[in-house]
Amino acid sequence: MTTAHTHGRALGSDAILSWTHRYGSTTSCLARLRGTRDPAATDRLLLTVVLSELRGQPRGHYVLSDVAGAANSARSQLVPGSVDPGAITWLVHYGEFSSADPTGPESLTRVDLHWTLDRYSLPAWDDIARLDYDDSRQLLTELQRRPATEVLAAMENRLDLN
């Protein structure tokens with residue numbers, strides 16, 4: 001199973017992340033940040049970012065096909081500046097909210113992004129690992145996150161109230 005920072009949450013945040021996909025159109029996903037204090041250095045925040053693929057995006061403009069672009073946008077828009085960009089765990093999340101025709105339970109793909117100078121670069125295929133369904137379910141539970149459909153509905157309700 002992948003390692004992610006899941007115990008003793010010190011930061012929890014949900015947002016819709018939009019960016020210009022490397023194929024040219026604007027696309028978006030649900031970005032959820034979960035941070036914990038590093039037990040070895042309490043002034044350091046360990047961060048896991050879950051990027052949930054959303055249905056309705058332009059064809060071919062998937063999170064995984066531009067995960068570096070999504071991560072660069074998340075880092076500039078959502079991630080606290082004190083977080084070491086090279087120490088973030090990046091997960092791409094799929095489920096019934098991702099497709100009009102879902103094929104199975106929620107799943108996660110871990111992407112080991114490399115930070116160089118001031119940005120993330122596209123990962124090599126061996127830096128991408130799809131977790132099995134049991135490991136995905138366990139990690140999603142440990143991250144103490146509400147289901148994506150609930151978060152999206154709550155965000156939509158907030159927009160309706162404004």
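Label-to-label distance, residue 114 versus residue 22, with points set 7 angstrom from Cα along the beta-carbon direction: 1.3 nm.
If packing is taken as the average count of other Cβ atoms within 10 Å, what order do 33-42, 90-99 fall into, highest mean first?
Numbers: 33-42: 15.2, 90-99: 21.0.
Ranking, from highest mean packing down: 90-99, 33-42.
Label-to-label distance, residue 156 versus residue 124, with points set 7 angstrom from Cα along the beta-carbon direction: 4.2 nm. Here the simple spin-label model places points 7 Å from the Cα toward Cβ, and for residue 41 and residue 146 these points are separated by 3.4 nm. Evaluating 6.51 cos²θ - 1.76 cosθ + 1.60 at θ = phi - 60° for every residue in region 20-32, the Karplus couplings come out as 7, 5, 4, 8, x, 8, 6, 9, 8, 8, 8, 10, 10 Hz, glycine and proline recorded as x. The apolar share of the surface of region 1-154, taken as the fraction of accessible area on carbon and sulfur atoms (1.4 Å probe, ligands and nucleic acids excluded), comes to 49 percent.
Efficiency by 1/(1 + (r/R0)^6): what FRET value for residue 137 and residue 55, r their Cβ-Cβ distance, R0 = 25 Å, to the nearest 0.05?
Efficiency, from the Cβ-Cβ distance: 0.75.
Evaluated over the Cα positions of region 11-86, the convex hull gives a direction-averaged projected area, one quarter of its surface, of 5.0 nm². Here region 56-162 has an Rg and Dmax of 15.2, 45 Å, counting Cα atoms alone.
Can you give the local net charge around residue 72? Use residues other than it whose beta-carbon is closer than 11 angstrom to its beta-carbon, Lys and Arg +1, Asp and Glu -1.
Computed value for this residue: +1.
Here the sum of -39500 (n - 2.57) over DSSP H runs of 4 or more residues, divided by the residues of the chain, equals -6500 deg cm²/dmol at 222 nm, to the nearest 500.
The values are calculated or read from the model by the stated rules, or taken from the named source; none is laboratory data. Everything numeric here is computed off the predicted structure, so don't read it as measured data. Every residue, glycine as well, gets a Cβ built from its backbone with ideal geometry; the counts of neighbours run over all protein chains shown. Just the protein is used for accessible areas: all its heavy atoms, side chains included, with ligands, DNA and RNA removed. Shrake-Rupley method; radii C 1.70, N 1.55, O 1.52, S 1.80 Å.
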